[in-house]
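Single-structure report; data block below.
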Amino acid sequence: MKSPARRGPYGVRSAPYVFLVPATVLFLLFFTLPIGYAVWLSLRKVRVSGLGLGSGAREEVWAGLENYTGALSDSELLNGALRVLGYGCVVVPVMLGLALLFALMLDSEKVRLASFTRLAIFLPYAVPGVVAALLWGFLYLPDVSPFYFVLDALGLPQPDLLDGGPLYLALSNIAVWGGTGFNMIVIYTALRAVPAEVYEAAKLDGAGPLQIALRIKIPMVAPSLVLTFFFSIIATLQVFNEPTTLKPLTNSVSTTWSPLMKVYQDAFGKGDIHAAAAQATLIALATLVLSFGFLRAANRRNRQEAAR
């Protein structure tokens, strides 16, 4: 009977890298390569000769930073960024506040039907963003919304949520409805990981449920709050589905309401993929700077608190 062949030290050392090859190839093909191509396009432009007709009339040439300077001076892009900033000031605090509140309530000892409640809160997250925007869009329309019929029957005023200032609340409501469940699960999972002995010691010291929540639970899930805030910033800067889906229902949403809508309009509406690539690169850089800046500030604060 032959003894099994022994693997050499080289085979053992190379095994982890073999397992990394598929993920590395996918990362390069579907992440690094598209980003590099977008950056390359952002440094180019199309030069038109004469009327732009005939062969050789349109030529792609080197543009340098021209597309970036044009994007930074584009009023439509800057106005879209300001609208998204106002949108985020509503969405992020409300969504994370509700997620924290629901997680604390589900972690309470007196909660009933915890499994059903947890599923009901999380379920809107499973609804695709376009579908959710369509559902809420028809609920906002005065002609078909059941809420407007009820308000009309009661003789109450019927606000137009798709016009003017209420539009921000209407869009924010869709994002909060869809994203609260995911953030709640992240925070609730962190709460369940806290040892029960910590709560028992607090009770022996005379702490009530409110004191335990404020002084023990919330500080111990602070890393999860940082994580959810990080994800929320990224999602807010990349808002696209909600305003794009509601655009056919109202004239208050323009084709450049958000920065990503501006990128889409320039790329596929105007056919200027080079300017759109520069705008997309700037949005990615802004997302990267804000996200990692917040993470560094949060980590610095955690280190300061640990050193005390």
If a helix is a whole DSSP H run, which ones in the chain reach 24 Å or further along their own axis (Cα) and hold a mean Kyte-Doolittle hydropathy of at least 1.6?
75-106
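For segment 130-175, calculate the relative contact order in percent as a whole number, restricting contacts to Cα pairs under 8 Å that are 6 or more residues apart. Don't jump to the answer; show the numbers that get you there.
Details: 26 pairs, mean separation 15.2, N = 46.
Computed value for segment 130-175: 33 percent relative contact order.
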Could you tell me what percent of the accessible area of the chain is made up of carbon and sulfur, with a 1.4 Å probe and every protein chain present?
68
How large is the convex hull of the C-alpha atoms of the chain per residue, in Å³?
314
Among THR117, TYR199, ASN251, the residue whose Cα sits farthest towards the positive end of the charge dipole of segment 74-307, when +1 is placed on the Cβ of each Lys and Arg and -1 on the Cβ of each Asp and Glu, is TYR199
If you find the alpha carbon centre of segment 222-256 and of segment 84-156, how far apart are they in angstrom?
15
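Could you please put VAL39, VAL239 in sequence from largest to smallest accessible area, using a 1.4 Å probe?
Numbers: VAL39 55, VAL239 5 Å².
Per-residue accessible area, sorted high to low, gives VAL39, VAL239.
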Contact order relative to length of the chain, as percent, for alpha carbon pairs under 8 angstrom and 6 or more apart
26
List every residue whose amide H lies under 5 Å from the amide H of ARG47, counting only residues 5 or more places away in sequence or on a different chain, with H placed 1.01 Å from N in the peptide plane.
GLU59, GLU60, VAL61
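Would you please give the FRET efficiency between LEU169 and LEU78, computed as 1/(1 + (r/R0)^6) with r the Cβ-Cβ distance and R0 = 22 Å, to the nearest 0.05? Intermediate values should be presented prior to the final figure.
On the way: r = 23 Å, r/R0 = 1.04.
E(calc), rounded to 0.05, equals 0.45.
Taking the solvent-accessible surface of protein heavy atoms with a 1.4 Å probe, what is the per residue accessible area of the chain in Å²? Present the calculation step by step, with values, prior to reporting the outcome.
Values: 19550 Å² over 308 residues.
Ligands and nucleic acids excluded, the figure is 63 Å² per residue.
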For the chain, give the magnitude of the charge dipole about the Cα centre (Cβ charges: +1 Lys/Arg, -1 Asp/Glu; no others), in debye to the nearest 20.
1560
Spin-label pair LEU20/TRP40, simplified geometry with 7 Å Cα→Cβ offset, distance in nm:
2.6
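Taking the Cβ of ALA278 as the center, what net charge do the other residues with Cβ under 15 Å away carry, scoring Lys and Arg +1 and Asp and Glu -1? Provide the component values of the computation, followed by the final result.
Details: positive: ARG44, LYS45, LYS262, LYS270; negative: GLU60, GLU66, ASP74, GLU76, ASP266, ASP272.
Taking every Cβ under 15 Å from that of ALA278, the sum is -2.
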Residue-by-residue Karplus 3J(HN,Hα) for segment 245-250, coefficients 6.51, -1.76, 1.60, Hz, glycine and proline x:
6, 7, 4, x, 8, 8
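The values are calculated or read from the model by the stated rules, or taken from the named source; none is laboratory data. Quantities reported herein were computed from a predicted structural model and do not represent experimental measurements. Glycine also receives a Cβ, built like all others from the backbone with ideal geometry; neighbour counts cover every protein chain displayed. Heavy atoms of the whole protein, side chains included, go into the accessibility calculation; ligands, DNA and RNA do not. Shrake-Rupley method; radii C 1.70, N 1.55, O 1.52, S 1.80 Å.
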